[in-house]
Each structure stands twice: as structure tokens, then as C-alpha cells.
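Colleague: Please find one structure pasted underneath; my questions will follow.
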Amino acid sequence: MNSVELFLLGRVLMKLGEQGMPQLTDAQRGGGGDRVALVVATEIAMYPGTTAAEVTVRTGFPQSQVSAAVAQLVTAGSVEASRDPGDGRRTLLHPARRVSSRVAEVRAASVDGIVAELVGEADLRRVMDALEFLAATLNPAKAGGR
């Protein structure tokens, strides 16, 4: 596999993941998108106590998109925001202590049906096992946030 093939595979996997996510209602969306909110939530989970400015730098998203995603995640109960005790001008972001209904809904959504449509029932288990292996092996949290 070369870098182009890996890149294209990543795009296919991302699209499958997006198809498998339960859709947001207009009230949940709040001006942000599923993809941006997911990336921002992942950054906050990987770097608890981070700030929106730090997430902006790490993701390369415009500050306005990160701020909208943070507001969406706070409203949904997925993220908690608190003032930095050492610098009251900064807001620190943490994953919510309790799993929000949206997070539970997304975590419970299976992609088996979507993957089966792509590869067929005969190869489904083999492909799902390979995806689980890749997820466990390439997990950014296990790789030190690389």
C-alpha cells in the first residue's frame, strides 16, 4: 500500500463512519457540523483541560468552527467548560463526567450494516475484525496523541 492508497482508504472509512452516525437534529446542530464536532470532541477527550485556542491550533480548523463545535458539545452535555483557576480569562474544556445521551447514541450505533453493503455478508466478519484490529493498534490515545 502506498500513501495515496492509504489516504483514499482513510476517506472511505471516514465516509462509512459518517454514514453510521445518528443524524443531529437542528437543535443539536447549533451551527456546527457532525465532523467538526466529532474532531473537537476527540481532541478534548485526548487532551482534557485543553482550550479552544489549543484545539484550533491542533486541528487547523478556523477558530469560529471550533467555538461553534465547543458550544454545541457543551449544550449537548458532552463537554464541560470551566474557568482556569490560574488565569480566569481562559476556559478549560473537559469531557463530561457523565455520558450524554448524544454520546451514548453515537457509541451504540453499529456500522455492520453499512460495511456489509460495501463488502457483502460473506466478508463482513473478516472486515470487521480487521477494522477492530486497526482501531486497537492505531488508536491515537495509545500512540501518545501522535
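None of the figures in this text is laboratory data; all of them are computed from the coordinates on show. Predicted, not measured: the structure shown is a model, and the values here were computed from it. FYI the Cβ positions are ideal-geometry reconstructions off the backbone, even for glycines, and counts take in every protein chain you see.
Colleague: Taking 0.36 nm per residue of separation and subtracting the Cα-Cα distance, what length does fully extending ILE114 through GLN23 add? Intermediate results must be reported in sequence, preceding the final value.
Modeller: On the way: separation 91, 0.36 × 91 = 32.76 nm, distance 1.48 nm.
Extra length available between ILE114 and GLN23 comes to 31.3 nm.
Colleague: Would you mind giving the three semi-axes, in whole Å and largest first, of the ellipsoid equivalent to the chain according to its Cα gyration tensor? Don't skip to the answer; put the middle values down first.
Modeller: Values: eigenvalues 184, 64, 40 Å².
Semi-axis lengths for the chain are 30, 18, 14 Å.
Colleague: While we're here: What FRET efficiency, computed as 1/(1 + (r/R0)^6) with R0 = 30 Å and r the Cβ-Cβ distance, is obtained for SER100 and GLU132, rounded to the nearest 0.05? Mind showing how you got there, number by number?
Modeller: Numbers: r = 25 Å, r/R0 = 0.82.
Step by step, r from the Cβ atoms, then E = 0.75.
Colleague: Ignoring everything except DSSP H segments at least 4 long, calculate the 222 nm mean residue ellipticity for the chain; use -39,500 (n - 2.57) per segment, divide by total residues, nearest 500.
Modeller: Estimated from H runs of four or more residues: -19000 deg cm²/dmol.
Colleague: Another one. Using only the Cα atoms of the range 26-98, what semi-axes does the equivalent ellipsoid have when each is the square root of 5 times a gyration tensor eigenvalue? Give whole Å, largest first.
Modeller: They are 18, 14, 11 Å, listed largest first.
Colleague: Assuming 0.36 nm per residue, please report the length gained on full extension of the stretch ALA122 to GLN63 beyond their Cα-Cα distance.
Modeller: Fully extending the segment from ALA122 to GLN63 adds 16.7 nm.
Colleague: Order the peptides 36-48, 107-119 from the highest to the lowest mean number of other Cβ atoms within 10 Å of their residues.
Modeller: Details: 36-48: 19.5, 107-119: 12.7.
Sorting 36-48, 107-119 by mean packing, highest first, produces 36-48, 107-119.
Colleague: Over the chain, calculate the relative contact order: mean separation of alpha carbon pairs under 8 Å at least 6 apart, over the residue count, as a percent. Intermediate values should be presented prior to the final figure.
Modeller: Values: 130 pairs, mean separation 33.5, N = 146.
Reported relative contact order: 23 percent.
Colleague: Same structure again: Order these by the 10 Å Cβ neighbour count, fewest first: ARG98, ARG35. List each step's numbers first, then the result.
Modeller: Working: ARG98 10, ARG35 15.
In increasing order of surrounding Cβ atoms, one gets ARG98, ARG35.
Colleague: Among VAL74, VAL66, rank each residue by its count of other Cβ atoms within 10 Å, from fewest to most, as a rough exposure measure. Can you show the working numbers first?
Modeller: Details: VAL74 16, VAL66 26.
The fewest-first ordering by Cβ neighbours comes to VAL74, VAL66.
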